[in-house]
1. Need one number for segment 28-161: average projected area of the convex hull over its C-alpha atoms, nm².
2. Given segment 103-181, report the % of alpha carbon pairs whose separation exceeds 19 Å.
3. Quick one: compute the contact order of segment 136-239, relative version, from alpha carbon pairs under 8 angstrom and 6+ residues apart, as a percent.
4. Taking the Cα centre of segment 5-156 as the origin, how large is its charge dipole in debye, to the nearest 20, when only Lys and Arg (+1) and Asp and Glu (-1) carry charge on their Cβ atoms?
5. If you average 1/r over all unlike Cα pairs in segment 11-74 and invert the result, what Kirkwood radius do you get in angstrom?
6. At a Cα cut-off below 21 Å, give the lysines reachable from K194, other chains included and same-chain residues fewer than 8 away excluded.
7. For segment 1-147, what is the accessible area per residue in Å², given a 1.4 Å probe and the full set of protein chains?
8. What are the lysines whose alpha-carbon lies under 17 Å from the alpha-carbon of K93, with same-chain residues fewer than 8 places away excluded?
Amino acid sequence: MEQSGNVKTILECRNVSKEFDAYDKSGKTEVLRDISFSVKENEFLVLFGPGQCGKTTLINVLAGLETATSGEVIENGKKVTKPAPERGVVYQKTALFPWLSVMGNVEFGPRVRGQDKKTRRETAKHYIDLVGLSGFEKSYPSQLSGGMRQRVGIARAYCNQPEIMLMDEPFGHLDAQTRYMMEEELQRIWQSEKRTVIFVTNNIEEALFLADRIILLTNCPSGIKKEYIIDMPHPRSYVDPKFLSYRQEITENMDKSL
Ligand SMILES: Nc1ncnc2c1ncn2[C@@H]1O[C@H](COP(=O)(O)OP(=O)(O)O)[C@@H](O)[C@H]1O
Ligand SMILES: [Mg+2]
């Protein structure tokens, strides 16, 4: 396993390119072009790029849901070929099972893997508490707000004890107020139970609020434009002069959407 200092590399994306057959069948659409980066244990990495640049495609390749046209993804020395519980995914719109309670949704992964009821219930309860949903164990998804559903999605991903969390604009559909709150909550959850996180967003404030490091992606076909180490203590403030100067620098380097 690759070590640098004492920090372990968990995941490596090596020269990943991805093409799809164009929707109109007119040829190929190149979406990702030669993307390489690695992620250290417990790092909070943000992939930041404009809309439609290929962020979801990249997360899907990292998750093992899509295969790269060329290049590969290596997790702990092993090539990623399919989805696995070691990589928890939280989507923009979390698809919860509507017929299962919050508890039923959160304990779903361990249950299908055959974990005994007592152990999985204890683990699920721990994560339900961690995401701030104590008392809602018996509620059903239709009874929850958008922010609460995303909390369930996060608890469900954590309950599989993943080595790495892949988050694809998980707060993208929430109103601004709820979004700020969820960013703070996610930061608190990450501080309390460290995990390696790869978080995708097209929102610069969100990126700067959360990231140890930001990778700026270009317009489609997406490549890596620049990388920024974000050296600011938590909790961060949106109006801190350092925050604003990072914001200006990164925004100036960002490709404008068409
Ligand atoms: N299965 C697919 N077939 C063809 N084109 C696709 C497919 N999936 C995504 N694309 C195209 O790839 C581009 C990037 O999409 P996506 O990864 O969803 O971007 P983002 O998440 O950054 O908004 C878009 O132009 C989209 O139309
Ligand atoms: Mg997307």
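The values are calculated or read from the model by the stated rules, or taken from the named source; none is laboratory data. Bear in mind that the values here come from a model prediction, so they are computed numbers and not experimental data. In this analysis, Cβ positions are derived from the backbone assuming ideal geometry, glycine residues included, and neighbour counts consider all displayed protein chains. Side chains included, ligands, DNA and RNA excluded: accessible areas come from the protein's heavy atoms. Shrake-Rupley method; radii C 1.70, N 1.55, O 1.52, S 1.80 Å.
1. Details: hull surface 39.6 nm².
Its Cα hull, projected and averaged over all orientations, spans 9.9 nm².
2. Here the tail beyond 19 Å accounts for 37 percent of pairs.
3. Values: 80 pairs, mean separation 21.4, N = 104.
In percent, rounded to a whole number, it is 21.
4. Details: 24 positive and 17 negative charges, 109 e Å.
Charge dipole of segment 5-156: 520 debye, to the nearest 20.
5. Values: mean 1/r = 0.0803 Å⁻¹.
After inverting the pairwise mean of 1/r, the radius is 12.5 Å.
6. Partners found: K8, K40, K125.
7. On the way: 7760 Å² over 147 residues.
It amounts to 53 Å² per residue over segment 1-147.
8. Within the straight-line cut-off, K93 pairs with K55.
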